[in-house]
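K.L.:
Got a structure for you, written out below as structure tokens; questions coming shortly.
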Amino acid sequence: MSQCRSFCSPPPIDSRIDSSHATAVRVLAYLHIPFCHRVCPYCSFYKHTPGNTPIPAFLDALIEETKRRIDTLTEKPRTLFLGGGTPSMLSPTHLEKLFAGLREHIDFSQLDEISMEANPATFDLAKAQLFRQLGINRVSLGIQSFSQPVLQTLGREHDPEQAIRSVELLHKAEIPSINIDLMFSIPGQSLDDWQSTLTQAIALQPHHISAYNLTYEEDTAFFESLLKGDMQEDESQDHEHFELAHELLTQEGFAHYETSNYAKPGHHSIHNRGYWQGESYLGLGPSAVSTIGNTRSKNIADTARYAEMMASIGHATSESEALSTEDLRLERIALGLRTSEGISLALLDDAGKVRAHDLAGFGLLVIEGNSLTLTRRGSALVDSIAGEIA
């Protein structure tokens, strides 16, 4: 799950987290597990191979931060999301240690969803059953493609057979909600490749499918290749792949409820939906971002320093800023437009409303009463439309 990463120059940070940041609204809790067996060339999230990092010490720091940060909240988390990195590469012993520590500070009976990202090559049936025993009720599998050449381009460590087997294992373990992450517009990926991947994903009967358009993020090998001209962006290909995903998935009963996300009834991502609807969220772990009310903060993006700071000063915050009403308005528009619920017209100023009505005339959005939603054509242009009307 992508988290916001833009910050103003931070003010000095005190050695304690200010309890005035508490909120009266239940929050979303995100835990960042930065470890990966292999660093993929397209991924811009903070991650690294375990190397000499002592994982037990990292888990101690993460549990300590959970304790300290949860205690500052007036209302407690309603979702828990383990992202990364690759949380599923933690050993059974480490997973049990982490969840035992989390349960000391979070009331799991009050959580609407416990979600974890996983990679196909990192678990067997016994480990999948452990996920369920720990209370995880949603697993998001980073498969990306069922084409071996495409997987090689992406630097993935699994093959198509492992990907298929991993979904089958989660079904056998009776994980209540299974998501498959897919990616399109990958260099060398044909429309036939993409159709084959979608068809295979549907056949595995997941409850949710995420179909992401590859983006070239700074500080990645793919971005460097783009700058050198070795890779190119192709908007027409993006649109063609987006349309194919929409057609195949919706005709199979998946509701298109966010630009990149499709769900069977009752299987929308509660945690991610909270982000898109502007709910407060608490980010725990190295590089994790929090937005509580109008205060946004970020932890240091250094696992060793994160553990040291938690042990020495009790927090690992490296950046913080107060978001203005205008900042929050712009984010609410940009995120809300991605969803099937859309946004309230009240979020737009007078000039934005005029532009919105113009775009409605082009069939890119629909205005009904006080709400604005994008059409299918508009969904493929969501970022441009958000910039136009905000």
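Bear in mind that the values in this text are calculations on the coordinates, not laboratory data. Predicted model, so just to flag it, every value in this text is computed and none were measured. As a convention, Cβ positions derive from the backbone with ideal geometry for all residues, glycine included, and neighbour counts pool all protein chains shown.
K.L.:
Using amide H atoms built in the peptide plane, which far-off residues or other-chain residues are under 5 Å from Leu31 H to H?
P.N.:
Here the answer is Phe81, Leu82, Gly83, Leu284, since their amide H atoms fall under 5 Å of that of Leu31.
K.L.:
Report the paramagnetic label zone for Ala57: residues of the stretch 263-286 whose backbone N is under 19 Å from a point 7 Å from Cα along the Cα-to-Cβ axis.
P.N.:
Residues passing the 19 Å test: 285-286.
K.L.:
Determine the dipole magnitude for the chain: charges of +1 sit on the beta-carbon of Lys and Arg, -1 on that of Asp and Glu, nothing else is charged, the reference point is the Cα centre, and the result goes in debye to the nearest 20.
P.N.:
Its charge dipole is roughly 1100 debye.
K.L.:
A follow-up question, please. Taking only Cα atoms and a 10 Å spring cutoff, compute GNM fluctuations for the chain and point out the largest among Lys228, Lys264, Lys127.
P.N.:
Lys228
K.L.:
Right, next: Ordered by residue, what ³J(HN,Hα) values in Hz, to whole numbers, does the stretch 323-329 give under the Karplus form 6.51 cos²θ - 1.76 cosθ + 1.60, where θ = phi - 60° and Gly and Pro are x?
P.N.:
7, 7, 4, 5, 4, 5, 4
K.L.:
Take the Cα of Lys264, step 7 Å along the line toward its Cβ, and report every residue of the stretch 162-191 whose backbone nitrogen sits under 13 Å from that point.
P.N.:
168, 171-172, 174-180
K.L.:
Counting pairs of alpha carbon atoms under 8 Å apart in space and at least six apart in sequence, what relative contact order in percent does the chain give?
P.N.:
This gives 18 percent for the chain.
K.L.:
Please arrange Ser109, Ser166 by how many other C-beta atoms lie within 10 Å of their C-beta, fewest to most.
P.N.:
Listing Ser109, Ser166 from fewest to most nearby Cβ atoms yields Ser109, Ser166.
K.L.:
Moving to a separate point now. If you stretched the chain out fully between Val39 and Asp327, how much longer would it get, using 0.36 nm times the residue separation minus the C-alpha to C-alpha distance?
P.N.:
100.4 nm
K.L.:
Okay, next question. How do Val139, Val289, Val27 rank when sorted from fewest to most other Cβ atoms within 10 Å of their own Cβ?
P.N.:
Val289, Val27, Val139
K.L.:
I've got another one for you. Distance in nm between label sites at Thr295 and Glu235, each 7 Å beyond Cα in the beta-carbon direction?
P.N.:
My value for the distance between the label points is 4.2 nm.
K.L.:
Also, I was wondering about something else. Amide H to amide H under 5 Å from Ser318: which residues, 5+ apart in sequence or cross-chain, H placed 1.01 Å off N in plane?
P.N.:
Counting only residues 5 or more places away or on other chains, the set is Lys298, Asn299, Ile300.
K.L.:
To continue, here is another question. Could you grab the Rg to Rh ratio for the stretch 326-389? Cα atoms only, Kirkwood for Rh.
P.N.:
Rounded to two decimals, Rg/Rh equals 0.90.
K.L.:
Going highest first, how would you order 244-255, 322-333, 59-70 by mean Cβ packing within 10 Å?
P.N.:
59-70, 244-255, 322-333
K.L.:
Given 10 °C and 1.306 mPa s, compute D for the chain with the Stokes-Einstein relation, Rh being the Kirkwood radius over Cα pairs; round to the nearest whole µm²/s.
P.N.:
73 µm²/s
K.L.:
Report ³J(HN,Hα) in whole Hz for each residue of the stretch 92-108, in order, from the Karplus equation J = 6.51 cos²θ - 1.76 cosθ + 1.60 where θ = phi - 60°; Gly and Pro get x.
P.N.:
x, 4, 5, 5, 5, 4, 4, 5, 5, x, 5, 5, 6, 10, 10, 7, 5
K.L.:
A further question follows. Put +1 on the Cβ of every Lys and Arg and -1 on every Asp and Glu Cβ in the stretch 19-276; which of Ala126, Pro187, Leu151 then has its Cα farthest towards the positive end of the dipole?
P.N.:
Value: Ala126.
K.L.:
Check Tyr212: other-chain or 5+ apart residues with amide H under 5 Å from its amide H, H built from backbone geometry?
P.N.:
Under 5 Å from the amide H of Tyr212: Leu182, Met183, Phe184.
K.L.:
I need the phi-derived Karplus couplings for the stretch 240-257: 6.51 cos²θ - 1.76 cosθ + 1.60, θ = phi - 60°, integer Hz, Gly and Pro marked x.
P.N.:
Along the stretch 240-257, the couplings run 5, 5, 4, 5, 5, 4, 4, 4, 5, 6, 5, 6, 9, x, 8, 7, 8, 9 Hz.
K.L.:
Just how far, in whole angstrom, is the stretch 26-50 from the stretch 247-280 if you go by their alpha carbon centroids?
P.N.:
About 22 Å separates the Cα centre of the stretch 247-280 from the one of the stretch 26-50.
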